[in-house]
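Taking it in order: structure first as structure tokens, then the write-up.
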Amino acid sequence: MKTALVTGASGGIGLEIARLFAKDGNNLLLISRSEDKLLNIKQEIEQQYSVTVNYLSLDLSKTESVQIIENYVEHNGLHIEYLVNNAGFGDFGRFVERDVQKYHEMIALNIVTVMELTQRYAQKMLKQGHGQILNVASIAALQPVPLMAVYGATKAFVLSFSEAIRQELRNTGVTVTTLLPGPAATNFFNRAEANNVPLFRFMMSPAKVALDGYKAMLKGKRRAIPGFLNKCLAFVVRVLPGGFVLNMAVKLMDK
Ligand SMILES: NC(=O)c1ccc[n+]([C@@H]2O[C@H](COP(=O)([O-])OP(=O)(O)OC[C@H]3O[C@@H](n4cnc5c(N)ncnc54)[C@H](OP(=O)(O)O)[C@@H]3O)[C@@H](O)[C@H]2O)c1
């Protein structure tokens, strides 16, 4: 049976994506740091659907994590048909005042691990002649984001990288889709210390975001931007002058 490898599956958008895979009869390999949550999710999903849920409790900002996943997949003979690079976090505040160590972890998780997992599993998918990858960026990827400068830049990487390799892989049977959510009601804002930011008042449900991304991935689409407001925002930042967009962004972001 096919297995979907989903990172950041202990809550939020990743958990909802994992549920969609299970509903469609796919086995799961779920990864995040919280072992207790993953165990509960395994029990819940296996009770509800006839699938096997494997999990690994790992800190994906650590370089050795990718090899640990690889060893686990090989050892258990898992057939990874789908890869969802979803784990990620942000940090709100003036760049000069924030903890640089946190930025190192963010870059390791949001960029380096996404790049490495994508390469390893794209290589395997190419060999088997099929496979689908969903990389979770953000609408923050579409313009510079004052007060979340490093986070926005990591997501710009995810978008640029994913669309470039999507093109390299065309006609191979392996597809790469990028999901660009706007604000969604998850733990993201607590971790980022970004509560009460004006831009984040209108939140989508993580289930709806996940469904849009999942459907786009199955169809092999290039991008999914969930929600009408987010699609409008994406259009506006594309057509308005860069300086104006930056001024608007700082107003919408400042508490
Ligand atoms: N919510 C939004 O408004 C929004 C908007 C645009 C894009 N996104 C993106 O959507 C993705 C999912 O975020 P979310 O909103 O669902 O946030 P979330 O509820 O905070 O979920 C983040 C997931 O990533 C896992 N994770 C975090 N750090 C990790 C690490 N070092 N190693 C392994 N797993 C780690 C978390 O699990 P543990 O804590 O158990 O490790 C959790 O499962 C992220 O890439 C985020 O940037 C979110």
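Taken residue by residue, segment 129-143 has at least one member that is modelled with pLDDT under 95 and more than 12 Å from the ligand (Cβ to nearest atom).
Residues are listed down the side, and each one gets a yes or a no for (1) more than 12 Å from the ligand (Cβ to nearest atom); (2) among the β-branched types (Val, Ile, Thr); (3) without any contact (Cβ under 8 Å) to a residue 60 or more places away in the chain; (4) in contact with a strand residue (DSSP E or B) (Cβ under 8 Å, 6 or more places away or on another chain):
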{"residue": "Ala153", "(1), (2), (3), (4)": "yes, no, yes, no"}
{"residue": "Thr177", "(1), (2), (3), (4)": "yes, yes, yes, yes"}
{"residue": "Asn187", "(1), (2), (3), (4)": "no, no, no, no"}
{"residue": "Cys232", "(1), (2), (3), (4)": "yes, no, yes, no"}
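If only one of Leu117, Leu134, Leu109, Leu126 is under 16 Å from the mean Cα position of the chain (by Cα), in a helix (DSSP H, G or I) and over 30 Å from Val250 (Cβ atoms), which one is it?
Working: Leu134 fails: in a helix (DSSP H, G or I); Leu109 fails: over 30 Å from Val250 (Cβ atoms); Leu126 fails: under 16 Å from the mean Cα position of the chain (by Cα).
Answer to the selection: Leu117.
Does Leu159 count as more than 10 Å from the ligand (Cβ to nearest atom) and either within 24 Å of Met106 (Cβ to Cβ) or surrounded by 21 or more Cβ atoms within 10 Å (Cβ to Cβ) (or both)? Yes; evaluated as a whole, the condition is true for this residue. In the set (1) within 11 Å of the ligand (Cβ to nearest atom); (2) within 27 Å of Lys23 (Cβ to Cβ), the condition left unmet by Ile80 is number (1).
If you go through segment 213-230 one residue at a time, how many are assigned to a helix (DSSP H, G or I) and either without any contact (Cβ under 8 Å) to a residue 12 or more places away in the chain or within 12 Å of the ligand (Cβ to nearest atom) (or both)?
Matching residues across segment 213-230 total 4.
Confirm whether Asn171 is in a loop (DSSP other than H, G, I, E, B), over 13 Å from the mean Cα position of the chain (by Cα), in contact (Cβ under 8 Å) with a residue 24 or more places away in the chain and more than 8 Å from the ligand (Cβ to nearest atom). Criteria not met by Asn171.
Answer yes or no as to whether Lys208 is more than 9 Å from the ligand (Cβ to nearest atom), closer than 24 Å to Ser32 by Cα and not hydroxyl-bearing (Ser, Thr, Tyr). I'd like the intermediate steps shown before the answer.
Details: more than 9 Å from the ligand (Cβ to nearest atom): yes; closer than 24 Å to Ser32 by Cα: yes; not hydroxyl-bearing (Ser, Thr, Tyr): yes.
Answer is yes for this residue.
With away from the ligand (no atom under 14 Å from the Cβ) and of a type in the set (A, V, I, L, M, F, W, C) as the only criterion, which of Ala87, Ala4 stands out?
Values: Ala87 fails: away from the ligand (no atom under 14 Å from the Cβ).
Exactly one residue qualifies, and that residue is Ala4.
Would you mind stating whether Ala249 is buried (at least 19 other Cβ atoms within 10 Å of the Cβ), part of a helix (DSSP H, G or I) and modelled with pLDDT of 95 or more? For Ala249, the condition - buried (at least 19 other Cβ atoms within 10 Å of the Cβ), part of a helix (DSSP H, G or I) and modelled with pLDDT of 95 or more - is not met.
Screening Arg191 on (1) within 11 Å of the ligand (Cβ to nearest atom); (2) modelled with pLDDT of 95 or more; (3) more than 13 Å from the chain's Cα centre (by Cα); (4) of a type outside the set (Phe, Trp, Tyr) shows it passes everything except condition (2).
In segment 29-50, which residues are basic (Lys, Arg) and either within 12 Å of the ligand (Cβ to nearest atom) or exposed (fewer than 14 other Cβ atoms within 10 Å of the Cβ) (or both)?
Here is the first cut: in segment 29-50, the residues basic (Lys, Arg) are 33, 37, 42.
Those that are basic (Lys, Arg) and either within 12 Å of the ligand (Cβ to nearest atom) or exposed (fewer than 14 other Cβ atoms within 10 Å of the Cβ) (or both): Arg33, Lys37.
The values are calculated or read from the model by the stated rules, or taken from the named source; none is laboratory data. Owing to the predicted nature of the structure, the values given are computational and were not obtained by experimental measurement. Neighbour counts are summed over all protein chains in view; Cβ atoms, including those assigned to glycine, are modelled from backbone coordinates with ideal geometry.
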